[in-house]
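Reviewing the structure listed below.
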Amino acid sequence: MAEGSDHKLEMAMGRMLQIGVTVAALVVLAGGILYLKQFGGAMPDYRHFHGAPAGLVSVHGILSGLMHFDTPSVIAFGILLLIATPICRVIFGVVGFALLRDRFYAGVSAVVLGILLFSFFLRR
Amino acid sequence: MSNLYFSLALFGTSILAGFLGAMTGLGGGVVIVPALCLLFKVDLHYALGASLVSVIATSSGAAAAYVREGYSNIRIGMFLEVATTLGALLGAYLTAKVSGNWIGVIFGVVLLYSAWTSVHEHEARPADHKPDALAMRLNLRGTYPVDGRKEEYVGEHVPAAFGIMFGAGTLSGLLGIGSGAVKVLAMDQAMRLPFKVSTTTSNFMIGVTAAASAGFYLSRGYILPELAMPVMLGVLVGSLVGSRVLAVAKVKTIRVAFVVVIAALGIEMIFNGATGRL
């Protein structure tokens, strides 16, 4: 019985990951086609490290670029969706284990979620 | 070369990398970083960023299929993710402190190790150990299908596995890879979990581990969207095709050939790093 619900949680996680990746890949593909239509000519310099442009190094910057329909921001938004996918899986873990009344593993999932959010909101 | 042709060439190469990664069970990341650096002359940090993105994509894309088979263990995965995500934070932090040439050398060593583990015959271990008290208390156990029956297993050597997982996370953050080979080492060799449980749970964990470094990579500007785009899409396509082929074909000889390619890339990364070309 407990094992059956475990498997349900697993299946829900698997399904969620699949949907997340598909949506993210479609956004990246759409952004990529638009980007190459616009900038398919001159070759950017990838040989030397300059860092991504200032608008593409934060969630806030990417979202505001998306509003202006800046094509690299569209691709970056797809990448953000992709990064959010495993984070959602961990949220599923927190909620799912809580529903299964497994407090310990709900707590473990919450710790992992905390580390992930910490990594994201930490500015350097 | 125009940007369009460069992106298409990168897309094609990434399909191949994803295919190779799936066929050898090592993941696309270990192939794509050397390919970007050595073939396309892309800066190492940009290569790490593009690879990390593709690693999240392949891990999450494959998870649904693995979950259906009923081998992966979400509790063990989640528990060990505490270690891998902490390690990933350290690894991602180190990418800014360690020189590119050193990263190249470490990358090469990990490639050689991964190549070795993927050809090394796996020996089944008799499950006659007495249950590990800590693992029982942490509920690090489960069942998996063997010939239509459910076979039970309990993890062992939990602290050692936790430590190895921290190392796996550090390598993942430092090298922009999934470091599946090291994760499998922790679960298969230290915890003595069934091999299939180890590999599928490892895949399950890779996406979360990589997501922990993604924030750093993004804020430091390692992730160039236009460069990551063909890499992510290509690796995703290649690995999906690769895992399909793997499911229907006996591919022992091809696998060995692929592993030779990966080992050669490892040696070239070490050479380039040691001679200061990265």
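The values are calculated or read from the model by the stated rules, or taken from the named source; none is laboratory data. Given the structure is predicted, the values throughout are model-derived calculations rather than measurements. Methodologically, a virtual Cβ is constructed for each residue, glycine included, from the backbone with ideal geometry; neighbour enumeration extends over all protein chains shown.
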Would you confirm whether any residue within segment B:99-111 is within 13 Å of another protein chain (Cβ to nearest Cβ), surrounded by fewer than 19 Cβ atoms within 10 Å (Cβ to Cβ), closer than 24 Å to B:LEU218 by Cα and modelled with pLDDT under 95?
yes
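For segment B:85-98, give me each residue that is more than 9 Å from chain A (Cβ to nearest Cβ), surrounded by 19 or more Cβ atoms within 10 Å (Cβ to Cβ) and assigned to a helix (DSSP H, G or I).
Taking segment B:85-98 as the starting set, the residues that turn out to be more than 9 Å from chain A (Cβ to nearest Cβ) are B:87, B:90-91, B:94-95, B:97-98.
If we keep only those that are surrounded by 19 or more Cβ atoms within 10 Å (Cβ to Cβ) too, we end up with B:87, B:91, B:95.
If the condition is that a residue be more than 9 Å from chain A (Cβ to nearest Cβ), surrounded by 19 or more Cβ atoms within 10 Å (Cβ to Cβ) and assigned to a helix (DSSP H, G or I), then B:GLY87, B:GLY91 are the ones that fit.
Quick test for you: out of B:GLY167, B:GLY163, B:GLY178, B:GLY207, pick the one residue that is part of a helix (DSSP H, G or I), within 13 Å of chain A (Cβ to nearest Cβ) and on the phi < 0 side of the Ramachandran plot. Quick ask: steps written out before the conclusion?
Values: B:GLY167 fails: within 13 Å of chain A (Cβ to nearest Cβ); B:GLY163 fails: within 13 Å of chain A (Cβ to nearest Cβ); B:GLY178 fails: part of a helix (DSSP H, G or I).
From the options B:GLY167, B:GLY163, B:GLY178, B:GLY207, the qualifying one is B:GLY207.
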So is A:VAL90 at the interface with another protein chain (Cβ under 8 Å from one of its Cβ atoms), surrounded by fewer than 20 Cβ atoms within 10 Å (Cβ to Cβ) and in a helix (DSSP H, G or I) or not?
no
Inside segment B:39-57, can you point out the residues that are within 12 Å of B:GLY221 (Cα to Cα) and surrounded by 24 or more Cβ atoms within 10 Å (Cβ to Cβ)?
B:TYR46, B:ALA47, B:LEU48, B:GLY49, B:ALA50
Given B:SER213, B:SER219, which one is over 20 Å from B:VAL30 (Cβ atoms), modelled with pLDDT of 90 or more and of a type in the set (S, T, N, Q)?
B:SER219
What do you reckon, is A:SER73 without any contact (Cβ under 8 Å) to a residue 60 or more places away in the chain, surrounded by fewer than 21 Cβ atoms within 10 Å (Cβ to Cβ) and more than 7 Å from chain B (Cβ to nearest Cβ)?
no
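Looking at segment B:1-54 only, could you name the residues that are among the β-branched types (Val, Ile, Thr), farther than 16 Å from B:PHE107 by Cα and modelled with pLDDT of 90 or more?
Selection gives B:THR13, B:ILE15, B:VAL53.
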